[in-house]
Amino acid sequence: MKLLMIYMDRFAYNPTIKTLVDVEVIEKGREFLDAQVAFIHAEESDIENESNILKKTLKNLKWIAGKNSTKRIVLHSFAHLSESKAEPGFTKAFFDKLQKRLEDTGYEVYQTPFGYFLDLSVDAPGVSLARVFKNL
């Protein structure tokens with residue numbers, strides 16, 4: 001699992017190209033203010049270590065959101081941080097589990113549309129701990 005966490009004053013997306021046939025059609029974008037955005041790349045080896053990877057991902061996201069004083073987290077599938085890739089079905093299910101676990105502990109959690117290329121708009125401050133990368 002590769003985890004690139006960026007705190008953003010503003011993060012917005014608009015769907016452009018649907019890349020997976022079996023995902024729902026999404027035409028509208030969204031905007032988030034004061035959000036911890038997690039660019040997550042699930043790798044093939046994560047499938048056999050899902051429980052451990054989920055625990056580590058939760059720990060890192062809660063820690064960085066706390067450091068950046070936000071309870072809003074946006075999960076974004078970003079399959080460009082490693083050559084190894086988990087199957088899309090595993091990745092989407094992992095995101096859903098991650099979202100539920102975070103919401104159960106008081107976080108406001110969103111996911112960008114899975115299976116789409118997106119136009120992104122980013123406003124990220126240049127402060128300590130605004131950008132953190134973890135190789136779980």
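The values are calculated or read from the model by the stated rules, or taken from the named source; none is laboratory data. As the structure is a prediction and not an experimental result, all values here were calculated from the model. Positions of Cβ are backbone-derived with ideal geometry, glycine not excepted, and every protein chain shown enters the neighbour counts.
Quickly run through the stretch 68-81 and pick out the residues that are β-branched (Val, Ile, Thr) and over 13 Å from the mean Cα position of the chain (by Cα).
To start, the set of residues in the stretch 68-81 that are β-branched (Val, Ile, Thr) comprises 70, 73-74.
Listed by number, the list holds a single entry, Thr70.
If the requirement is being in contact with a His (Cβ under 6 Å, 6 or more places away or on another chain) and either buried (at least 19 other Cβ atoms within 10 Å of the Cβ) or of a type in the set (Gly, Ala, Ser) (or both), which of these qualifies: Ala79, Ala130? Steps first, answer last, please.
On the way: Ala130 fails: in contact with a His (Cβ under 6 Å, 6 or more places away or on another chain).
Answer to the selection: Ala79.
Is there a residue being among the polar types (S, T, N, Q) and surrounded by 12 or more Cβ atoms within 10 Å (Cβ to Cβ) anywhere in the stretch 113-121? Give the steps one after another, and end with the answer.
Here is the first cut: in the stretch 113-121, the residues among the polar types (S, T, N, Q) are 121.
Now narrow it down to the ones that are surrounded by 12 or more Cβ atoms within 10 Å (Cβ to Cβ): 121.
Among the residues of the stretch 113-121, at least one is among the polar types (S, T, N, Q) and surrounded by 12 or more Cβ atoms within 10 Å (Cβ to Cβ), which makes the answer yes.
Select from the stretch 46-57 the residues that are touching a Leu at 6+ places or on another chain (Cβ under 7 Å) and not charged (D, E, K, R) and list them in ascending order. First the steps, then the outcome.
Within the stretch 46-57, the first condition is being touching a Leu at 6+ places or on another chain (Cβ under 7 Å), and the residues that meet it are 53-54, 56-57.
Selection gives Ile53, Leu54, Thr57.
Can Leu61 be described as touching a Lys or Arg at 6+ places or on another chain (Cβ under 7 Å) and among the aliphatic types (A, V, I, L, M)? Write out each step before concluding.
Details: touching a Lys or Arg at 6+ places or on another chain (Cβ under 7 Å): no; among the aliphatic types (A, V, I, L, M): yes.
Here the answer is no, as Leu61 does not meet what is asked.
Give the residue, chosen from Ala35, Ala65, that is within 12 Å of the chain's Cα centre (by Cα) and small (Gly, Ala, Ser). Can you show your working first?
Values: Ala65 fails: within 12 Å of the chain's Cα centre (by Cα).
Result: Ala35 is the single residue among Ala35, Ala65 that is within 12 Å of the chain's Cα centre (by Cα) and small (Gly, Ala, Ser).
Considering only residues that are part of a loop (DSSP other than H, G, I, E, B) and either within 15 Å of the chain's Cα centre (by Cα) or more than 18 Å from Leu81 (Cα to Cα) (or both), which ones fall in the stretch 38-50?
So in the stretch 38-50, the residues part of a loop (DSSP other than H, G, I, E, B) come out as 42-43, 47-49.
Result: Ala42, Glu43, Glu48, Asn49.
Select, from Arg10, Arg72, the only residue that is closer than 19 Å to Val122 by Cβ, surrounded by fewer than 17 Cβ atoms within 10 Å (Cβ to Cβ) and either in contact with a Lys or Arg (Cβ under 9 Å, 6 or more places away or on another chain) or among the basic types (Lys, Arg) (or both).
Working: Arg72 fails: surrounded by fewer than 17 Cβ atoms within 10 Å (Cβ to Cβ).
When all the criteria are applied, what remains is Arg10.
Restricting the first residue to the stretch 24-35 and requiring it to be on the phi > 0 side of the Ramachandran plot and at pLDDT 95 or above, which pairs with a second residue that is among the charged types (D, E, K, R) and not in a loop (DSSP other than H, G, I, E, B) meet a Cβ separation below 9 Å and a spacing of at least six or different chains?
Pairs that qualify, where the first residue is on the phi > 0 side of the Ramachandran plot and at pLDDT 95 or above and the partner is among the charged types (D, E, K, R) and not in a loop (DSSP other than H, G, I, E, B), are Asp34/Asp9; Asp34/Arg10; Asp34/Arg72.
Which of (1) without any contact (Cβ under 8 Å) to a residue 60 or more places away in the chain; (2) loosely packed, with under 14 Cβ neighbours inside 10 Å; (3) over 21 Å from Asn135 (Cα atoms); (4) of a type outside the set (Lys, Arg) does Leu20 not meet, given it meets every other one?
The one condition Leu20 does not meet is (1).
Out of (1) polar (S, T, N, Q); (2) under 15 Å from the mean Cα position of the chain (by Cα); (3) at pLDDT below 95; (4) surrounded by fewer than 18 Cβ atoms within 10 Å (Cβ to Cβ), what's the single condition that is false for Ser84?
Ser84 satisfies all of (1) polar (S, T, N, Q); (2) under 15 Å from the mean Cα position of the chain (by Cα); (3) at pLDDT below 95; (4) surrounded by fewer than 18 Cβ atoms within 10 Å (Cβ to Cβ) except (2).
Could you please find all residues in the stretch 112-134 being under 25 Å from Lys56 (Cα atoms) and within 14 Å of the chain's Cα centre (by Cα)? Break it down stepwise before answering.
Restricting attention to the stretch 112-134, the residues satisfying the condition of being under 25 Å from Lys56 (Cα atoms) are 112-115, 124, 127-134.
Matches in the stretch 112-134: Thr112, Pro113, Phe114, Gly115, Arg131, Val132, Phe133, Lys134.
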